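Peer 1: Structure provided below as structure tokens; questions to follow.
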């Protein structure tokens, strides 16, 4: 048995049995989904932002590092700031159509605009 974190044990806190095998939580595999399989939604949001508009890209499932790179690409191409939180890309300002065009060009063929403007 390799060294595993005590934090990931399931069920038993302590056992006096020397042969006891602890059960461990399985890491969620975020198997990379192909770009053409990603169903991304692009929308404009003003909620909790003091009336300022942001462009949200939601629906991403997969590798967080790829999401981070995609967010950086979108921010660079739009020439604005933004962030990535809770598997959502937040781009400052109303850049909905521009973001949709960039995502389609990058191979995210399931991208759709919804709500907002």
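Taken together, the values in this text are just the output of simple stated rules run on the coordinates, not laboratory data. Predicted, not measured: the structure shown is a model, and the values here were computed from it. Cβ coordinates were reconstructed from backbone atoms using ideal geometry, including for glycine residues, and neighbour counts include every protein chain displayed.
Peer 1: Got a sec? Which residues in the range 60-83 would a label at residue 48 touch, if it sits 7 Å along Cα→Cβ and we count backbone N under 16 Å?
Peer 2: 83
Peer 1: Using Cα pairs closer than 8 Å and at least 6 residues apart in sequence, work out the relative contact order for the range 29-113, in percent.
Peer 2: 38 percent
Peer 1: Write down the percent of antiparallel bridges among all DSSP beta bridges whose residues are both part of the range 29-113, to the nearest 5. Show your work: numbers first, answer last.
Peer 2: Values: 13 of 15 bridges.
The antiparallel fraction comes to roughly 85 percent.
Peer 1: Using alpha carbon coordinates only, what is the Rg to Rh ratio of the range 29-113, with Rh defined as the Kirkwood radius?
Peer 2: For the range 29-113, the value is 0.95.
Peer 1: Where does each of 21, 106, 88 land when they are ranked from fewest to most other beta-carbon atoms within 10 angstrom?
Peer 2: Numbers: 21 9, 106 14, 88 17.
Placing the least packed residue first, the sequence is 21, 106, 88.
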